[in-house]
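Beneath this line is the structure, given in structure tokens, with notes to follow.
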Amino acid sequence: MARCMLLCTYNVPGKIIDELLEISAKPDTATEEFRWSLMRTAEQPLEDPTELPVANFKTDFEGSTIEELGSYFRARYVVEFPKAPATWNAYSFGVLDERSVRDKTLLMVAWWEAEPFDELPDDEDLREAWMPTGWKTLRVRFEDAAWLAMCIDINDSLYLEECAGPENFREDGTLILPE
């Protein structure tokens, strides 16, 4: 079963998290083999997929930046993921924030390793689309989140490259996924 870490930077009500978990488990929105693993506290052990219902809780990550969450994710991955099942998504994690409560979206955060800019071929389009190494975010609707997490896990660099252009986003900033 594929799993992806889920963090909250806002005290998201349990019923909102339940909604994400229910939508992600439906066969028509993701494979039946994908589940989120909610990290409520920084010291919480890596656990099995989060079960419904999720009680309200105070997150340890309230107000954290993407860089802070990324550092936490990498530290947990380096130390604990080698002991965890190979089904953990090692390249990305989901973030529920204040906006998630309003519009049922989340941020998918993925690590991007860039080729050094000065080593790129002399191709204007390639140089214009270049992104520096670091954490990249994509806002997606709940119904698309599990699918995107699985795509990033399978081929993170290809997917991030393909959805970089503004034509791939709605007016509200959420990613448009292919049908």
Quiz prompt | Summed side-chain charge close to R40 - residues other than R40 whose Cβ falls under 12 Å, Lys, Arg +1, Asp, Glu -1 | solution = -3
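Ignoring any ligand, DNA or RNA, what whole percent of the accessible area of segment 1-71 comes from carbon and sulfur when the probe is 1.4 angstrom?
In segment 1-71, the share of accessible area belonging to carbon and sulfur is 50 percent.
The values are calculated or read from the model by the stated rules, or taken from the named source; none is laboratory data. All of these numbers come straight from a predicted model, not from anything done at the bench. Glycine gets a Cβ as well: all are built from the backbone with ideal geometry, and neighbour counts include every protein chain shown. With ligands, DNA and RNA removed, areas are computed over all heavy atoms of the protein, side chains included. Shrake-Rupley method; radii C 1.70, N 1.55, O 1.52, S 1.80 Å.
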